[in-house]
Amino acid sequence: MKVKAALFGFVLLLCIAGCSSGTKAASSLTGKWTAQFPEPDKNAGIKEGDTSTQWTITFHKDGTFEEHASTKTMANMDRKVKGTFRQEGNRVILKGTAQISMDDGYKKTAQTEPSEMSLTIAEGKLVIENADLGNVVFKREGSRPTLEASSESAEVGDYSEAAKLIKDVEGMYGKLNSYADEGTFESSGSGFMAKEALFETRFQRPKLFRFTASAIENGKKYDTNAVWSDGSKSWIYMEMSGGSEERGIAAGLSTITVGTRTAPTLIPSLLMPSQFQRSELSRLFGGATMEPETKVDGKLCFVLKQNGVAGGTLWIEKSTLLIRKLVMSTGNAVTVYKPRPNATIPSSEFTFKAPK
């Protein structure tokens, strides 16, 4: 059975990505660095000054590092990573192997998986730009030499081109009168993510909306989640909790547990930006670079590669600017969209009936 885990600490462990076999290590990095978290998420039940979630990285002079993250909120989760790091310009790249253990009081699990992470040097601190947690800042313990970017710059893609593409995509979705899609989600099944899931989106401007997702096991649906709006009110349904309740669209989508947070919120945040603080596209891929164009389902696509924590790659159809595919390194999550812009949608498709 999968359990709802809309907790800051859980998202932390899913989103941490660790380490990179490189050759250039910066001596100015040596020492222990501790995460300074952004303002706690009140919806997750995390209180100011809560020390139940901790995250540290220790860099050694020989180019190796150790990372440790743990949380003791609703479930006990622990992640330890060992590997190597290198510095490229103002970026620190880590790569290694993570050992993850979880205990929710019902079941204990343990797994080992590859881990990657990229941090940015800014004003003597290390910063991770993360779509789920916001910016996470690491500060070094004790007195150490000033941290500086290396003079050796990394080879990076065209950030300005990527930024323009993001704006164009946001503008295109903002002009659609209606939108429908069906899609699939696949992952490693780590944490509380489903290994397989199906979803669909329905939208009619100004605010008729429905998003439904169901996990799949042995060809059968289970753990159905839905968020829908009649234009004035919106609700969430979660099969595992056994009922529905009134909730905002953004808040409802962010608590759906079938996939990653990004999978259910990416498209709705483009269609209804007023319901979100900002689009998930710019939040997740604001620091992305352009990669060579490739095809998805026979459609030539622009490709954006995220350089921050958890990593991600996004395929955007070149001729229509519609999002076709999203891959996140967290849980090896792959989301594929089959979009239908300005589709004619019957009013009956904006209601939701719980499965029997």
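The values are calculated or read from the model by the stated rules, or taken from the named source; none is laboratory data. Because the structure is predicted, anything quoted here is derived from the model rather than measured. So basically every Cβ, Gly included, is an ideal-geometry build from the backbone, and we count neighbours across all protein chains shown. Only protein heavy atoms, including side chains, enter the accessible area calculation; ligands, DNA and RNA are left aside. Shrake-Rupley method; radii C 1.70, N 1.55, O 1.52, S 1.80 Å.
Note down the net charge around residue 207, summing +1 for each Lys or Arg and -1 for each Asp or Glu among other residues with Cβ under 15 Å from its Cβ.
It works out to a net charge of +2.
So, by mean Cβ neighbours within 10 angstrom, what's the order for 81-87, 287-293 with the highest one leading?
For the peptides 81-87, 287-293, the packing ranking is 81-87, 287-293.
Given 0.36 nm per residue, what is the gain on full extension from residue 78 to residue 320 after removing their alpha carbon distance, in nm?
Computed gain between residue 78 and residue 320 is 82.8 nm.
Nearest 0.05, what FRET efficiency do residue 111 and residue 299 give at R0 = 30 Å with Cβ-Cβ as r?
0.30
Would you mind counting up the charge near residue 299? Only other residues with Cβ under 9 Å from its Cβ, with Lys and Arg at +1 and Asp and Glu at -1.
Spelling it out: positives minus negatives among the neighbours equals +1.
Give, rounded to the nearest 20 debye, the magnitude of the charge dipole that segment 235-356 has about its Cα centre when Lys and Arg contribute +1 at Cβ and Asp and Glu contribute -1 at Cβ.
200
Along the Cα→Cβ direction, 7 angstrom out, place labels at residue 338 and residue 245. What is the inter-label distance in nm?
Distance between the two pseudo-spin positions: 3.5 nm.
Could you order peptides 239-251, 198-210 by the average number of other Cβ atoms within 10 Å of their residues, highest first?
Top of the packing list down: 198-210, 239-251.
Given points 7 Å out from each Cα along the Cα-Cβ axis, report the residue 34 to residue 160 separation in nanometres with one decimal.
If labels sit at residue 34 and residue 160, their model points lie 4.2 nm apart.
From the Cα trace of segment 255-356, what convex hull volume per residue do you get, rounded to a whole Å³?
Taking the convex hull of the Cα positions in segment 255-356, it is 148 Å³ per residue.
Please sort 262-273, 328-339 by packing, taking for each peptide the average over its residues of neighbouring beta carbons within 10 angstrom, highest first.
The peptides rank, most packed first, as 262-273, 328-339.
Divide the volume of the convex hull of the Cα atoms of segment 218-309 by its number of residues and quote the answer in cubic angstrom per residue.
It is 159 Å³ per residue.
For segment 165-255, what is the charge dipole size about the Cα centre, in debye to the nearest 20, if Lys and Arg each add +1 at the Cβ and Asp and Glu each add -1 at the Cβ?
Result for segment 165-255 is approximately 320 debye, rounded to the nearest 20.
Roughly how many Å² is the accessible area per residue of segment 260-356, as a whole number, for a 1.4 Å probe?
Normalised by residue count, the accessible surface of segment 260-356 is 44 Å².
Ignoring ligands, DNA and RNA, what percent of the 1.4 Å accessible area of segment 170-282 is carbon and sulfur?
Exposed carbon and sulfur together represent 46 percent of the surface.
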